[in-house]
Amino acid sequence: MPELPEVETIARGVNLRVRGDRIVEVWFGGKREPFKTPAARQAKGLEGRSILEVHRTGKHIVCELGAAADRPLDQRGGSPLVECASEPSAQWIVHLGMTGRLLVTTPDAPVAPHTHARVSLMSGRELRFVDPRRFGRLEFRELSRNTGFLAPGADPLSVTAAEFARLFHGRRLAIKAALLNQKILSGVGNIYADESLFRAGIRPRRLAGRLSRAELEGLRLALGEVLRDAIRLGGSSVSDYVDAEGARGFFQLEHCVYQRTGLPCLRCQTPIRRLVLAGRGTHYCPQCQR
Ligand SMILES: [Zn+2]
């Protein structure tokens with residue numbers, strides 16, 4: 001399943017390639033599951049709109065869209081570049097689910113099985129959504145009638161020290177479970193929860209509400225570090241993610257504890273332990289984490 005760093009990397013890669021472009025035509029497949037907004041309404045909403053920006057919110061990819069062109073689109077005439085400074089009037093929200101991919105390609109590229117959406121752009125490029133298991137979702141929001149997409153929890157990359165402390169204050173659950181709770185923080189998965197607790201030297205079973213302000217701040221910094229390291233590594237493989245030619249996996253961060261049960265800790269040589277917390281395999285060093 002794509003984690004926050006993968007989603008961030010894909011959003012950045014897609015943004016570089018389609019920002020300022022305009023949607024000419026949309027084709028949607030016949031499977032119902034990927035369409036949170038009914039396919040026909042979604043296609044009507046998307047066609048003719050400019051793409052102002054593509055970014056990540058939580059674990060979703062959000063395409064900020066401008067108004068639809070007021071005159072008929074002419075693919076031959078003029079530059080596809082639009083004014084990106086204008087206010088968005090709609091959003092196309094892509095959730096990758098377990099196996100979803102958002103690709104930038106050209107119309108002549110072979111269409112992969114399980115392609116549910118093909119969005120033709122004025123530049124001649126094409127955006128495709130491919131998802132074999134169909135847990136991914138596509139949603140269209142008109143901002144005159146709806147609020148913009150908001151993740152349920154705070155963003156782990158931009159949360160402030162004060163907000164982070166407030167989020168965990170008084171929580172009577174294990175810090176590992178709190179990190180995974182999407183209503184508290186958006187987009188932290190199992191790998192990054194284990195790795196950040198290791199970097200911060202905190203045992204996963206400790207109660208969130210019992211951590212000192214200094215420990216929480218150490219954890220906030222460690223979490224940001226782990227996620228940024230993964231994004232930096234992913235950046236080098238971004239074209240494999242969004243250009244349809246390649247589909248190699250995300251370049252993995254070298255794990256210090258995650259799935260290293262019984263192996264020596266990279267810092268102190270103590271064997272890494274595993275326990276199950278909130279239903280998830282949890283890995284930690286009994287020496288380095290207190
Ligand atoms: Zn250790």
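Where a number appears in this text, it was derived from the coordinates with a stated rule and is not lab data. Since this is a predicted model, take the numbers as computed values, not measurements. Here Cβ is always computed from backbone atoms with ideal geometry, including for glycine, and neighbour counts include all displayed protein chains.
Assorted remarks:
- Averaging Cα coordinates gives a centre for the stretch 130-156 and one for the stretch 104-119; these two points are 21 Å apart.
- Remark on Ile202: its backbone amide H falls under 5 Å from those of Arg290, a criterion applied only to residues 5 or more positions apart or on other chains, H modelled at 1.01 Å from N.
- Pairs of Lys residues in the chain, spaced 8 or more positions apart or belonging to different chains, with C-alpha separations under 23 angstrom: 7 in total.
- Candidates Gly13, Cys268, Ala193 compared by Cα position along the dipole of the chain: farthest toward the positive end lies Cys268, with charges placed on Cβ.
- Kirkwood Rh and Cα Rg combined as Rg/Rh, the chain: 1.03
- Relative to the longest principal axis of the Cα atoms of the chain, helix 4-18 runs at roughly 20 degrees.
- Residues whose placed amide H lies under 5 Å from that of Phe135, excluding near-sequence neighbours: Met98, Thr99
- Amide H contacts under 5 Å for Phe35, placed H, 5+ residues apart: Leu138
- Taking every alpha-carbon pair under 8 Å whose residues sit at least 6 apart, the stretch 4-142 reaches a relative contact order of 31 percent.
- Put simply, when 111-122, 208-219 are sorted by average Cβ atoms within 10 angstrom per residue, most first, you get 111-122, 208-219.
- Dipole moment magnitude, nearest 20 debye, the chain about Cα centre, only Lys, Arg, Asp, Glu C-beta charged: 1460 debye
- Sorting 187-197, 49-59, 124-134, 165-175 by their mean Cβ neighbour count within 10 Å, with the most densely packed peptide first, gives 187-197, 49-59, 124-134, 165-175.
- Extension reserve of the Arg41-Arg145 stretch, reckoned as 0.36 nm per residue once the Cα distance is removed: 36.0 nm
- Mean Cα-pair separation over length for the chain, i.e. relative contact order, pairs under 8 Å, 6 or more apart, %: 18 percent
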